[in-house]
Amino acid sequence: MSAVAPLQTQAHPSGRTLFLSAFTRACRPRKRLTVSQWADEHRMLTSKSSGVPGPWRTSRVPPAREIMDCLSVTSPVRSVSLMKAGQIFGTEIALNWAGYVMDHAPASMLVVVPTLDVRERWVKQRLDPMLETTPALAKIFNVRRRRAGANSEAIKDYPGGMLILGGANSPASLASMPIKYVINDEVSRFPWEVGKEGDPLELIRKRQQNFMRRKEFNISTPTIKGACRIEGLYEEGDQRRYHVPCPHCNELLVLQWSVTPEEPWNGRLSWTIDPATKQPKNGGYTCCHCGSEIDEHHKTWMLEHGKWIPRHPHRLARSYHINGLYAPLGLGLRWSEMVSKWLKAQGDITRLKAFINLDLGEPWEDRRNSISHHALAERA
């Protein structure tokens with residue numbers, strides 16, 4: 001009769017081994033990420049806020065990378081302002097930064113929008129969808145199971161800090177506790193005075209003064225030249241423009257719609273009109289260096305190899321300007337569509353003003369010789 005083989009027992013780790021393993025994991029330094037790295041690793045876009053739902057990819061919007069990384073805890077930059085065309089990644093950068101703070105670098109953060117009514121839409125359409133669909137944030141709190149008093153429209157509580165959401169027209173939402181980080185979304189729509197408290201932007205900055213490593217991010221499309229907050233913030237900063245290489249000669253140029261006395265000539269957008277449809281076609285950008293025409297399909301490569309260059313590099317505050325010509329393919333209007341809007345706006349001041357503000361991201365300047373008293377009152 002053969003001997004029975006002894007039973008094989010699986011060795012179980014001792015309590016001491018389990019404790020040491022858990023202790024080692026807890027003490028291991030957390031991998032330090034930039035905002036763009038965090039977004040690429042964690043952020044999910046939803047159909048409510050993006051035409052391309054799914055994982056965030058900074059590579060789709062290369063100009064956004066530097067702006068996001070200025071908001072990282074490792075960056076010495078304290079003030080970042082973005083004057084932009086409409087629907088060009090400004091609020092998405094703000095959301096990525098908010099998610100980064102909540103998950104990776106906890107601290108108090110304040111988000112201010114023009115009014116309390118806008119706050120309600122901002123939370124429901126932009127913030128809550130991100131918190132629901134981004135796994136790293138869903139682990140912190142589940143938006144659909146809000147704890148009483150901890151997760152409301154005005155406050156999002158998380159370990160190490162809280163996200164407070166206020167309206168620039170409400171003094172109560174701008175006062176009280178100290179805040180390390182601030183997002184001012186559509187800052188050009190903020191009132192110049194709130195109640196009897198004064199300038200809301202100064203009230204917000206007052207709340208930050210106790211923090212040495214404070215940061216603010218100001219975003220907006222511009223409004224009236226000379227009476228526009230984001231224009232003033234841009235001019236106070238180092239005034240960065242995104243320079244892209246020409247695919248034919250590799251020289252850097254700034255994509256611009258029109259030339260101003262302050263700007264060097266960087267080429268122009270040109271087009272022809274189809275006699276059958278009366279619509280613009282064959283829109284291309286003429287390079288100021290070699291004179292070659294750049295087709296729009298080159299834009300993906302150009303954006304990937306572009307870089308931000310400041311006009312005043314000695315200034316500490318970062319300020320950026322970007323117009324609709326830079327919209328990545330599939331994420332904004334094509335050049336021919338911008339030309340069509342421009343042509344339809346001729347002779348219509350209302351349409352032209354909207355095009356200048358929202359498509360070019362430039363402040364509107366009324367160059368007419370006379371200004372009616374109604375327009376003057378509106379400016380005031």
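Once R0 is set to 51 Å, what does the formula 1/(1 + (r/R0)^6) return for the Cβ-Cβ distance between Val52 and Glu193, expressed as a FRET efficiency to the nearest 0.05? Could the numbers behind the result be given before it?
Working: r = 40 Å, r/R0 = 0.79.
Efficiency computed from Cβ-Cβ geometry: 0.80.
Could you order the peptides 311-317, 225-231 from most to least packed, using the average number of other C-beta atoms within 10 Å per residue? Walk me through the numbers before you get to the answer.
Details: 311-317: 12.1, 225-231: 19.1.
Going from most to least packed, we get 225-231, 311-317.
Quick one: 3J(HN,Hα) in Hz for region 172-185, Karplus 6.51/-1.76/1.60 with θ = phi - 60°, rounded, Gly and Pro as x.
Per-residue couplings from phi come out as 5, 7, 9, 9, 5, 5, x, 9, 7, 10, 9, 10, 10, 9 Hz.
Just to check I understand the Karplus step: with θ = phi - 60° and J = 6.51 cos²θ - 1.76 cosθ + 1.60, what whole-Hz values come out for region 207-219, glycine and proline as x?
The phi angles translate into 6, 9, 5, 7, 10, 5, 9, 5, 9, 10, 10, 9, 10 Hz.
Go through region 70-81 residue by residue and turn each phi into a ³J(HN,Hα) via Karplus (6.51, -1.76, 1.60, θ = phi - 60°); whole Hz please, and just put x for glycine and proline.
Going residue by residue, I get 5, 8, 5, 5, 7, 8, x, 5, 10, 10, 10, 10 Hz, with x marking Gly and Pro.
Highest mean first, how do 64-73, 120-129 rank when packing is the count of other Cβ atoms within 10 Å averaged over residues?
Numbers: 64-73: 21.6, 120-129: 17.7.
Answer by packing, highest mean first, reads 64-73, 120-129.
For region 75-210, build the charge dipole from Cβ charges (+1 Lys, Arg; -1 Asp, Glu) around the Cα centre, then report which of Phe141, Pro76, Val187 sits farthest towards its positive end.
Farthest towards the positive end: Phe141.
Note down the net charge around Met130, summing +1 for each Lys or Arg and -1 for each Asp or Glu among other residues with Cβ under 13 Å from its Cβ. Kindly include the intermediate steps, with their values, before the conclusion.
Values: positive: Arg43, Lys48, Lys124, Arg126, Lys156; negative: Glu92, Asp103, Asp128, Glu132.
Here the charged neighbours net out to +1.
Beta carbons within 10 angstrom, averaged per residue: use that to sort the peptides 329-338, 181-190, highest first. The partial results should precede the final answer.
Numbers: 329-338: 16.4, 181-190: 23.8.
So the order, starting with the most tightly packed, is 181-190, 329-338.
So which of Lys84/Lys215; Lys124/Lys341; Lys84/Lys307; Lys156/Lys180; Lys84/Lys341; Lys225/Lys299 end up more than 25 Å apart by C-alpha? Don't skip to the answer; put the middle values down first.
Numbers: Lys84/Lys215 20 Å; Lys124/Lys341 31 Å; Lys84/Lys307 16 Å; Lys156/Lys180 15 Å; Lys84/Lys341 18 Å; Lys225/Lys299 29 Å.
Cα-Cα > 25 Å for Lys124/Lys341; Lys225/Lys299; rest within.
Compute the accessible area per residue over region 69-180, keeping the other protein chains in place, probe 1.4 Å, unit Å². Could you put the intermediate results ahead of the total?
Values: 4170 Å² over 112 residues.
So region 69-180 comes to 37 Å² accessible per residue, rounded to a whole number.
If amide hydrogens are placed 1.01 Å from N in the peptide plane, which non-local residues have theirs closer than 5 Å to the one on Val111?
The list, which skips near neighbours in sequence, is Ile164, Leu165, Gly166, Ile183.
Please report, as a whole percent, how much of the solvent-accessible surface of region 183-276 comes from carbon and sulfur atoms (probe radius 1.4 Å).
Values: 2280 of 4520 Å².
Heavy-atom surface of region 183-276 belonging to carbon and sulfur, 1.4 Å probe: 50 percent.
The values are calculated or read from the model by the stated rules, or taken from the named source; none is laboratory data. Keep in mind that this is a model prediction, so the values were computed, not measured. All Cβ positions, glycine included, derive from the backbone under ideal geometry; neighbour counts span all protein chains shown. Accessible surface is based on the protein model in full, side chains and every heavy atom, while ligands, DNA and RNA are left aside. Shrake-Rupley method; radii C 1.70, N 1.55, O 1.52, S 1.80 Å.
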